[in-house]
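Student: What follows is a single structure, and I will ask about it in a moment.
The values are calculated or read from the model by the stated rules, or taken from the named source; none is laboratory data. Computed from a predicted structure; not experimentally measured. Quick reminder, even Gly has a Cβ in these numbers, built from the backbone with ideal geometry, and neighbours come from all protein chains shown. Note: areas computed on protein heavy atoms with side chains; ligands, DNA, RNA excluded. Shrake-Rupley method; radii C 1.70, N 1.55, O 1.52, S 1.80 Å.
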Amino acid sequence: MDNKIFFDHDSLISDDGISNKTDNSGNETIKEEIEKKSKSLLYSTKVTCPVCENVFNATTVKSSAYRMINKDSDFFIRYSLINPYFYDVWVCNSCGYAAMKSDFNTLRKTEIDLVYKLITPKWRGRTYPEIYDVNTAIERYKLSLLNYIIINAKASKKAINCLKLAWMYRLLETENAKEIELRYLTQALDGLNDAYYVEAFPLYGMNKYSIMYLIGELNRRTGHSDQSLIWFSTIITTPDVKDNLKKLARDMKYLIKEEGTTNAKSSSLAATTNNKFSANKPDEENTTKKSGFLSKFFKH
């Protein structure tokens, strides 16, 4: 699936399970204290955009502020106090270039040209609050994903971006968000399958075996339990795999068998795997949808 990823432009930003309503209930004093505490855990770092050379301040979480509560089986870390995932995307408000911060300065000349040609002329900028919430994070991850698709980024970049989007929707805990989370998990799985066979390890700090486990777990979460069992079994029987990863694989394998989910959900997800977007050859429907997505952030 080279240079392909399933996604719906029109649902990237608008009406995608994100609530724009502000909850004014509760004790305002407590809210102010929480906001003051959150601000103390952040700092600004100057970043130079590799596309337009604009210098801007990027909000970053202090490393001392990380407080992990627990970790989900697909490596999603849940934090208290402040969520570092909310600040993982940097956006240049001058030219529209956006990427996860680990990728921000890794552009090639051809990719810079694509941003200049296809994003910058229509970009109209955004203003973000000092403290980001899950809705802001979702918006910024989607801008990053758009950039990755426009520049034909590696499958791993699009996959990890989609995985983090899925995690953000998981935090919303609504039925609509659960459906969207599943869609992005499917996209992440699609991209990681490609990356596993064609890209060099490590990928985003994960070695080959961690990616194998993650592919297995994403298969499980998207209903492909038969494929999941194959990946988990490979992890368990490979000598070089660390014991903690083998234990995770055994736990998930046991969970699949306990729930009796093998092959149970595959048919319900068939529709989600048929509609794939090609960055190189967008069809007429996808081209039409793109304008709907861009309307919020780009000039007409």
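Student: In 5 Å bins starting at zero, report the fraction of Cα pairs in region 55-111 per bin as a rounded %.
Tutor: Reading the bins upward from 0: 4, 16, 21, 20, 15, 11, 9, 3, 0.
Student: For region 76-151, just the Cα atoms, rotate onto the principal axes and tell me the three extents in Å, largest first.
Tutor: 40, 23, 16
Student: Take region 47-179, drop everything but the C-alpha atoms, weight them equally and run the Debye formula without solvent; then report log10 I(q)/I(0) at 0.11, 0.18, 0.20 Å⁻¹ to two decimals.
Tutor: Taken in order of the listed q values, log10 I(q)/I(0) reads -0.40, -1.04, -1.23.
Student: Quick check on packing: order 124-136, 151-163 by the mean number of other C-beta atoms within 10 Å, highest mean leading.
Tutor: 151-163, 124-136
Student: Too long at a 28 Å Cα-Cα cut-off: which of K71/K142; K142/K257; K71/K101; K122/K142; K37/K158; K164/K253?
Tutor: Beyond 28 Å: K142/K257; K37/K158.
Student: Just order 49-56, 225-232 by mean Cβ neighbour count inside 10 Å, highest at the front, would you?
Tutor: So the order, starting with the most tightly packed, is 225-232, 49-56.
Student: Could I ask something else about it? If I model region 134-207 as equal point scatterers sitting on the Cα atoms and use the Debye formula, what is log10 I(q)/I(0) at q = 0.15, 0.21, 0.24, 0.26 Å⁻¹?
Tutor: -0.50, -0.89, -1.07, -1.17
Student: Just to compare against my own numbers: the Cα pair-distance distribution for region 167-206, 10 Å bins, whole % per bin, please.
Tutor: In whole percents, the pair-distance histogram is 28, 37, 27, 8.
Student: Going by average Cβ density within 10 Å per residue, which order do the peptides 233-239, 81-87 take, highest to lowest?
Tutor: 81-87, 233-239
Student: Give me the extension gain from E28 to Y43: residue separation times 0.36 nm, minus the current Cα-Cα distance, reported in nm with one decimal.
Tutor: Result for the pair: 3.0 nm of gain on full extension.
Student: For region 89-230, what does the accessible surface come to per residue with a 1.4 Å probe? Please give it in Å².
Tutor: About 38 Å² of surface per residue is accessible.
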